[in-house]
1. With +1 on each Lys and Arg Cβ and -1 on each Asp and Glu Cβ, how big is the dipole of the chain about its Cα centre, in debye rounded to the nearest 20?
2. Work out the charge dipole of the chain with +1 on the Cβ of Lys and Arg and -1 on the Cβ of Asp and Glu about the Cα centre, then indicate which of TYR256, ASN88, HIS223 is farthest towards its positive end.
3. Using the C-alpha atoms of the chain, what convex hull volume per residue, in cubic angstrom, is computed?
4. What translational D, rounded to a whole number of µm²/s, comes out for segment 210-301 from Stokes-Einstein when the hydrodynamic radius is the Kirkwood one over Cα pairs, at 25 °C and 0.890 mPa s?
5. Membrane-span-like helices in the chain: DSSP H runs reaching 15 Å or more (Cα, own axis), mean Kyte hydropathy at least 0.5?
6. Order these by the 10 Å Cβ neighbour count, fewest first: SER291, SER153.
7. Mind listing the Cα extents of segment 8-67 along all three principal axes, in Å, largest one first?
8. For the chain, what is the calculated [θ] at 222 nm in deg cm²/dmol (nearest 500), taking -39500 (n - 2.57) for each run of four or more DSSP H residues and dividing by its residue count?
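Computed from the coordinates by the stated procedures, all read-outs in this text should not be read as laboratory data. Because the structure is a prediction, the values reported are computed rather than measured. Glycine gets a Cβ as well: all are built from the backbone with ideal geometry, and neighbour counts include every protein chain shown.
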Amino acid sequence: MHLQDELKFEQIFIQQLHDKSLDDFAIKLDVLRLDKIHPVVSGNKWFKLKYWLRHAIEKNYTNIATFGGAFSNHIIATAYACNKHNLNCTGFIRGEEPERYSQTLKDAKALNMQLNFLSRTKYAGKQNVIQNNTGLFFIPEGGYGNLGAKGASEILQLVPNVSAYDYIICAVGTGTMLAGITNASLPHQQLIGISVMKNNIDLENEISFLLNAEASNRIKILHDYHFGGYAKYNNQLIDFMNSVWLKHKLPLDFVYNAKTLFAVYDLVAKGDFGKNKKLLFIHSGGLQGNSSLQKNTLLYS
Ligand SMILES: *Cc1c(COP(=O)(O)O)cnc(C)c1O
């Protein structure tokens, strides 16, 4: 079954995108295809979980727990990672138990995650859940924290000749991945994060806790590319995803990477990168999230 497949780090590669709109500004745009690691557990979540799980195992925990929504990449990645490490795991899921499970929940269950549904009110009071379950090791939602950032900092080790890039761009949810990548980047590099949430005003502050001091002035977060908010989309975004697929055979998820790559092209066209620059876009995976879209919305998946 494909859910149980091993992670295939050797399948990660750098894809160069060729477009007239890039040539006009002499921009080279490379994509780190983290999505190739695994069909379901693709992308950054594995990296963010690595040191959280190591920490839990060192502390002799055998029961892991975390939080997330019904389509969460973090939930499925946690289910997978715990399964591989023979750890029990519980997913506290936002919202009442649905009559029909999402593909994400079905997959998480198939990986032996115990699903525990919380009303939105209870979910908002997560702290109580943590306090009432002292035997469980809780990984913060999205893997946020220094241990998550430490794992994400290893992403850049997959990039050959990483010093050649002027800009590194990635999607931002909690900002843990961006913080890790920033910490591992070089002093001449600029980092750009595209926030996929609307008005996430605390984000810069939360990221600052995870950053090495030196790196903090090389980072910029843009808040204008959320397309209406987290997991919201419109026809413009779907058309963009389909055109990127037709032109480059590059599949994107609508929650994170489509918005981020859209932003990259927009910023290039506005001249924000200037000319003659080399850009690295981190494709952080998340393709399983497209299963929440209606069939035939995308030309792929
Ligand atoms: C979770 C996720 C992100 C955001 O990562 P953060 O570290 O929370 O900012 C980006 N892309 C994908 C595909 C994700 O699943």
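1. Details: 31 positive and 25 negative charges, 51 e Å.
Roughly 240 debye, rounded to the nearest 20.
2. Result: ASN88.
3. On the way: hull volume 40.2 nm³, N = 301.
Expressed per residue, the convex hull around the Cα atoms of the chain is 134 Å³.
4. Working: Rh = 14.7 Å.
It comes out at roughly 167 µm²/s.
5. Values: long enough: 45-58 (20 Å, -0.66); 73-84 (17 Å, 0.07); 235-248 (19 Å, -0.13); 257-269 (18 Å, 0.87).
Span-like helices, by this rule, are 257-269.
6. Working: SER291 16, SER153 21.
Listed from fewest to most nearby Cβ atoms, that is SER291, SER153.
7. Rounded to whole Å, the extents work out to 56, 20, 19 Å.
8. On the way: 11 runs with 98 residues, N = 301.
Computed mean residue ellipticity for the chain: -9000 deg cm²/dmol.
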